[in-house]
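Have a look at the structure below before the remarks.
The values are calculated or read from the model by the stated rules, or taken from the named source; none is laboratory data. The structure displayed is predicted, hence computed values, not measured ones. In this analysis, Cβ positions are derived from the backbone assuming ideal geometry, glycine residues included, and neighbour counts consider all displayed protein chains. These area figures cover heavy atoms from the full protein model, side chains too; ligands, DNA and RNA do not enter into them. Shrake-Rupley method; radii C 1.70, N 1.55, O 1.52, S 1.80 Å.
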Protein chains: 2
Amino acid sequence: MQGNLVIAHGGGPTAVINASLAGVISEAKRSPKIDRVYAAKWGIEGLLQELFVDLTDMSTKDIERLKNTPSSAIGTCRYKIKEQDHKKLLEILKNHRIQYFLYTGGNDSMDTCSRVSSITRDIRVVGIPKTIDNDLAITDHCPGYGSAARYYALTTLELGLDVAALNIHVSVLEAMGRNTGWLTASTALATEIRGNAPHLIYLPERPFNEDKFLDDVQKAWDRRRGLVVAVSEGLVNEQGIPLVRARHETAVDGFGHVLPGNVSQYLAELVSVKLNIRARSEKPGLIGRASKALVSDVDLEEAFTAGSFAVKSALEDRSGIMVVFHRISGEPYSMEPRVIDVSEVANVEKKMPDRWSCSIFSSNCLEEKQ
Amino acid sequence: MQGNLVIAHGGGPTAVINASLAGVISEAKRSPKIDRVYAAKWGIEGLLQELFVDLTDMSTKDIERLKNTPSSAIGTCRYKIKEQDHKKLLEILKNHRIQYFLYTGGNDSMDTCSRVSSITRDIRVVGIPKTIDNDLAITDHCPGYGSAARYYALTTLELGLDVAALNIHVSVLEAMGRNTGWLTASTALATEIRGNAPHLIYLPERPFNEDKFLDDVQKAWDRRRGLVVAVSEGLVNEQGIPLVRARHETAVDGFGHVLPGNVSQYLAELVSVKLNIRARSEKPGLIGRASKALVSDVDLEEAFTAGSFAVKSALEDRSGIMVVFHRISGEPYSMEPRVIDVSEVANVEKKMPDRWSCSIFSSNCLEEKQ
């Protein structure tokens, strides 16, 4: 099919989402079937306002610079398309002669992909995986996760060295990942240096019990001063209720999810007050997904591949699909891009498997490393 | 004078404090006047427990590795020596045939240096400047500051890109520096990219007024969505009282300073509740002084120089002094190490000059950049 291509992003930016855009532009420029390469600014929300930018003539040098810039150069959004948007959306796509619609994002954004492909058969719709949370189903892992995981691993290593130099306090490090513990668990990579942080890890998939937590901290403190405790921002108690709720109605995202409060500060105060141990919190927050210096080279290349492979798949007349990475081998590391039906991943959250948290961290939500 | 050397660190670690230690070892090994090069683990506190390690035979390769490792390999402490420690201290120094006593740290640690030099004339006492806060007097700037400033500048740049990609919230970024705004002000370097973060900056030297703050944020928000507000951890109100106090008695450091609470979270909640604008906080905390990836090369070399120059000065029979950096020229950048009397810097805090904050940020504690 001859026509134009449009790409847009949904959800939070990552340090490598621009690499996926670079992959799309590079590949699309090579195909005679694609006339113009458009990006919609601010995701599907901007697309519905016809905020198109033409990237067809971007130079190879600029594409390379784009690839190496963190955050999203074309913006992104947290907008869930509604029934009443469908007509306008189709009109806009038609007016711009769009034959190829690519959308980058996580499970919420793949719902957008799924909807677009369900309302038109004239356009090839392909999803590009992206989430630092790594909670997309089926794909081995997700572009964006590797860099954020590397950020948490190296940051935990350095924080561990810092805390060990004074040996006078507990540092509670808060990791992103609202409902899944992949990023929190990545802090465990820092333990490749024996005895280093994190000394305790708490995942959002396991019910959090404050008494158990205080007991864990006291026991660890009795063995060594200078502790790093890694916690997920999305910890919930045994009733599934967030440990800390954001205190205001603005703390709801565009998909209606209630945002978590400041878990690390809450727990640091708990340690201070209940155990009389000096405690503080570190919460890099958005910084963890924006850091260029700690980007993983593998993640960067895979993000680029996810974009270019999405274009290739669309050009093969596939639609309603998402790119995934299939693990050929772990050692040596080898991944193969494939596509799956986007409905298999839309709105599905991939949690940390029980067996992993049990082997890495000995008890229910964690415990000190063995 | 023939004898041994001992070095110890006081205060928080930095990303380059090991470089100062490496500078000391390198220089000391070259002098026939120095027999053994000792480090006392855990600062003056460990020295009083005779926790000596002999670093004389460290290889050139290991010294290079040490130089490039963040945090303090020999630990550090927050202990203020007391009158009753003097006798024991002198005994220990005598037992170990110490002729050269070097101590790394900020204004509190220089008080330790000053005391040691006041109680003995037999030992050469030299202070090595170190503080991420940059609040040591006389020296142009302080080893440790450059790297932490680079961390905040680049982090603010990246955070600004991230926030601008969604344009839906205010991010309150908390910078370290309890009483001085040098680190908070370093976020302003990110504005070399026009329009980028930070959009508002609040320093601890200027009284903080909540109504003014809310008015600043609302005005900035009316002009652009997606704001980064940089705040010092040590903000105080018009009465000089910390905006947020840590909630427990464990939050007092070894020098009796009350530690600040979580200012960024407090202000983010204020913005949410009072202005109905979605707000969140980022608080890298200790991570900002531990990051190897963002170390400044200039800072690293100066930290090394501060150590080696301290040894050279001690060997010239100088005592009761501290190394400072004297600015020969800004463009091209040129610094010269010198020494000053340590009593000139002990317990003195160098604040941000009024004229700077007035020119960089337009009003009392700041305002949006012009």
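So which residues in the range B:142-162 are more than 14 Å from chain A (Cβ to nearest Cβ), over 22 Å from B:R318 (Cα atoms) and open to solvent by less than 30 Å² (accessible area, probe 1.4 Å)? Show your work before the answer.
So in the range B:142-162, the residues more than 14 Å from chain A (Cβ to nearest Cβ) come out as B:142-143, B:145-146, B:149.
Right, trim to over 22 Å from B:R318 (Cα atoms) and you get B:145-146, B:149.
Those that are more than 14 Å from chain A (Cβ to nearest Cβ), over 22 Å from B:R318 (Cα atoms) and open to solvent by less than 30 Å² (accessible area, probe 1.4 Å): B:G146, B:A149.
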Scanning the range A:325-350 residue by residue, those in contact with a helix residue (DSSP H, G or I) (Cβ under 9 Å, 6 or more places away or on another chain) and either of a type in the set (K, R) or open to solvent by less than 10 Å² (accessible area, probe 1.4 Å) (or both) turn out to be A:F325, A:R338, A:V342, A:V345, A:K350
Of the residues in the range B:52-70, those that are more than 14 Å from chain A (Cβ to nearest Cβ) and either within 19 Å of the chain's Cα centre (by Cα) or of a type outside the set (S, T, Y) (or both) come to B:F52, B:V53, B:D54, B:L55, B:D57, B:M58, B:K61, B:D62, B:I63, B:E64, B:K67
- Check whether at least one residue in the range A:318-330 is farther than 24 Å from A:I63 by Cα, at pLDDT 95 or above, of a type in the set (A, V, I, L, M, F, W, C) and more than 22 Å from the chain's Cα centre (by Cα), and report yes or no. yes
Considering only the range B:131-140, I want to know if a residue exists there that is among the small types (G, A, S), buried (at least 24 other Cβ atoms within 10 Å of the Cβ) and either out of contact with any Pro (no Cβ under 8 Å at 6 or more places or on another chain) or closer than 30 Å to A:C77 by Cβ (or both).
no
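How many of the residues in the range B:258-269 are more than 7 Å from chain A (Cβ to nearest Cβ) and open to solvent by 20 Å² or more (accessible area, probe 1.4 Å)?
Qualifying residue count for the region: 4.
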Within the range A:300-314, residues being surrounded by 24 or more Cβ atoms within 10 Å (Cβ to Cβ) and within 22 Å of A:L183 (Cβ to Cβ) number 3
Residue pairs qualifying under the 9 Å Cβ cut-off, at least six apart or on distinct chains, with the first in the range A:293-315 being over 15 Å from A:N18 (Cβ atoms) and of a type in the set (V, I, T) and the second being open to solvent by 30 Å² or more (accessible area, probe 1.4 Å) and in a helix (DSSP H, G or I), are A:V311/A:S26; A:V311/A:R30
Taking the range A:71-89 and the residues there that are open to solvent by less than 60 Å² (accessible area, probe 1.4 Å) and away from chain B (no Cβ under 14 Å), the one that is nearest to the chain's Cα centre (by Cα) would be A:I81
Log entry, pairs with first residue in the range B:113-137 being in contact (Cβ under 8 Å) with a residue 40 or more places away in the chain, second being β-branched (V, I, T) and in a helix (DSSP H, G or I), beta carbons closer than 6 Å, six or more apart or on different chains, reads B:C113/B:V342; B:S114/B:V342; B:V125/B:V116; B:G127/B:V342; B:K130/B:I17
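Which residues, taken from the range A:279-301, are among the aliphatic types (A, V, I, L, M) and either within 7 Å of chain B (Cβ to nearest Cβ) or within 27 Å of B:R245 (Cα to Cα) (or both)?
A:A279, A:L286, A:I287, A:A290, A:A293, A:L294
Among the candidates A:I201, A:I193, single out the residue that is open to solvent by 40 Å² or more (accessible area, probe 1.4 Å) and among the β-branched types (V, I, T).
Only one candidate passes the filter, namely A:I193.
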By residue number, the members of the range B:107-138 that are of a type in the set (S, T, Y), assigned to a loop (DSSP other than H, G, I, E, B) and under 22 Å from the mean Cα position of the chain (by Cα) are B:T131
In the range A:24-38, anything of a type in the set (G, A, S) and either within 24 Å of the chain's Cα centre (by Cα) or open to solvent by 20 Å² or more (accessible area, probe 1.4 Å) (or both) is listed as A:S26
(message) Is it the case, given these coordinates, that A:T184 is more than 12 Å from chain B (Cβ to nearest Cβ), closer than 29 Å to B:S72 by Cβ and open to solvent by less than 20 Å² (accessible area, probe 1.4 Å)?
(response) yes
Subset of the range B:39-51, residues away from chain A (no Cβ under 14 Å) and surrounded by fewer than 21 Cβ atoms within 10 Å (Cβ to Cβ), comes to B:L48, B:E50
Restricting attention to the range B:260-287, the residues that are part of a helix (DSSP H, G or I) and among the small types (G, A, S) number exactly 3
A:Y152 being within 21 Å of the chain's Cα centre (by Cα), part of a helix (DSSP H, G or I) and at pLDDT 95 or above:
yes
A:N167 fails exactly one of (1) away from chain B (no Cβ under 14 Å); (2) open to solvent by 10 Å² or more (accessible area, probe 1.4 Å), namely (1)
Determine whether A:I92 is more than 14 Å from every other protein chain (Cβ to nearest Cβ) and open to solvent by less than 10 Å² (accessible area, probe 1.4 Å). yes
